[in-house]
Amino acid sequence: MTTSERSPAARKTAAKEPAKVPRATADKIGRQDWSSWPHYDKAASGFRGYWYPVTWASHITGDPKPFTLCGEKITLIRDSGKVYALHNRCPHRGVPLSEGNQQFPGTVSCPYHGWTFDLPTGRLSAVITDGPGCRLTGKLSVRTYAVEERLGMVWVYMPIAEEEPHPIDEQLPEELVSNAFVMGGRFDPRGGNWRFACENGFDEGHAKYLHRTALWRLFKPMPTWNITRIVPKGRWIYRVQDEVYWEADFPGVGRWTNKRWWMKQPAEGTFNLGNTGKTDKVDPVIESQDFPGFASLSMPGMLRIAYPNFMHYEFYVPIDADHHMYVGVMVNFKQGWDALPFYAKYLGAVRWLFHGQFSGQDAWMVDVTDAPPEKLYRPDVSLTSWRNLSEEEYAKKLAAAGVTEATANSTETEA
């Protein structure tokens, strides 16, 4: 029976007396490896077959720039307003094309010997130092990647095989496709594997404890512990809070609380918008989404946190097995002059407090995480549910691309 199904008296009693939660027996606690999730285990450099944000669109010009995505080195360049992505290696001597420039419209030239490649196709169009009659012209090429611009960012599709990419709007949060909004955000290259960053974002327990010293939370209490469950809806999984406890007595140890005298005292009752207490004032766009829980996650590693008056998104972009790009975005569903207070608040405080110091605590933990082996506990149902989702969705992705398990394993290893 959930909290919503209890009588008011029963709910009041439950708020005073923490529920007795079943605990795993000692021989069933935790996992020594990730063999239950083989695709996830092999995805150290990311899941292929998805779009990933690489940088802000305004940062890509006619000068090629280098990036690494899913372990592959690419270069991005803009020509006649359109962004192109090519494998960042000249096949001649292996010099990065990002060190070159444009000698002809619609091309990029290697700085070493002038090998020149067509941007849309990657085909070798000319070899400047071998003259117009070079026999290699048209016979060699570098790999190209599909590119889209959305949310003010450049997105690159990392294919599994040679499949056509799915429409990028199918992968974006639905509310960002169908509503007007303003946003602020940051790209931050970080140490640690992308999977640790993704799991940290959806993890139930850490925010209550790790972030207790964050300036963003200076006046905002958070619960000490919750009773939660994971609910699937569409392509997302949601973390739903059924019971919330702001403080607790730990037998033989003492009382622990997240409350402080200078903080705003939380309202009674459970809540599933934001993480600092119940509220009655909710943005109409956010309210209309009818989110089951305030934290949700979808493939290939996209976190959504629903607050009463704004939305927060995190994209965990795999660079390689030991590094990822943290992309944090805050969205307010306002337009015109109504958007100015949001911009002022974001640039003056939120960018530094939330996407800076608060998120920096996450970056610290992700960088020092070393798993598996691991010993999981009850709140880690958020982690195991995400891993289960990734296994199921990626199996479908491989089937749709016509890729066998053996081929997929080979591709993931090479990536």
**Q.** Within region 129-171, considering residues that are surrounded by 19 or more Cβ atoms within 10 Å (Cβ to Cβ) and of a type in the set (A, V, I, L, M), the one farthest from K334 (Cα to Cα)
**A.** V142
Q: Out of V177, V182, report the one residue that is without any contact (Cβ under 8 Å) to a residue 12 or more places away in the chain and over 25 Å from T68 (Cβ atoms).
A: V177
Q: Mind counting the residues in region 208-218 that are open to solvent by less than 20 Å² (accessible area, probe 1.4 Å) and either closer than 21 Å to Y377 by Cα or of a type in the set (K, R) (or both)?
A: 3
Q: Please indicate, with yes or no, whether at least one residue in region 328-342 is open to solvent by less than 40 Å² (accessible area, probe 1.4 Å) and acidic (D, E).
A: no
Q | Qualifying residue in region 253-276 (condition: outside any loop (DSSP other than H, G, I, E, B), among the hydrophobic types (A, V, I, L, M, F, W, C) and either touching a Ser or Thr at 6+ places or on another chain (Cβ under 9 Å) or modelled with pLDDT of 80 or more (or both)) | A | yes
Q. Would you say F342 is in contact (Cβ under 8 Å) with a residue 24 or more places away in the chain and more than 20 Å from the chain's Cα centre (by Cα)?
A. yes
Q: Kindly indicate the residue of region 101-128 that is of a type in the set (S, T, Y) and within 14 Å of P91 (Cβ to Cβ) and also most open to solvent (accessible area, probe 1.4 Å) among those meeting that condition.
A: Y112
Q) Quick check, is F310 at pLDDT below 95 and not polar (S, T, N, Q)? A) yes
Q) Which residues, counting only those in region 52-81, are assigned to a strand (DSSP E or B), open to solvent by 10 Å² or more (accessible area, probe 1.4 Å) and either closer than 24 Å to Y394 by Cβ or in contact (Cβ under 8 Å) with a residue 60 or more places away in the chain (or both)? A) V54, T55, W56, F67, T68, E72, K73
Q) Does R186 qualify as being within 18 Å of the chain's Cα centre (by Cα), basic (K, R), more than 17 Å from P53 (Cβ to Cβ) and open to solvent by 10 Å² or more (accessible area, probe 1.4 Å)? A) no
Q. Out of curiosity, is G152 closer than 28 Å to F181 by Cα and touching a Ser or Thr at 6+ places or on another chain (Cβ under 9 Å)?
A. yes
Q: Just give me the residues in region 189-207 being crowded, with 19+ Cβ neighbours inside 10 Å and not acidic (D, E), in sequence order.
A: R190, G192, N193, W194, R195, F196, A197, C198, N200, G201, F202, A207
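The values are calculated or read from the model by the stated rules, or taken from the named source; none is laboratory data. Predicted, not measured: the structure shown is a model, and the values here were computed from it. Note that we place each Cβ from the backbone using ideal geometry, even for glycine, and neighbour counts take in every protein chain shown. Accessible surface is based on the protein model in full, side chains and every heavy atom, while ligands, DNA and RNA are left aside. Shrake-Rupley method; radii C 1.70, N 1.55, O 1.52, S 1.80 Å.
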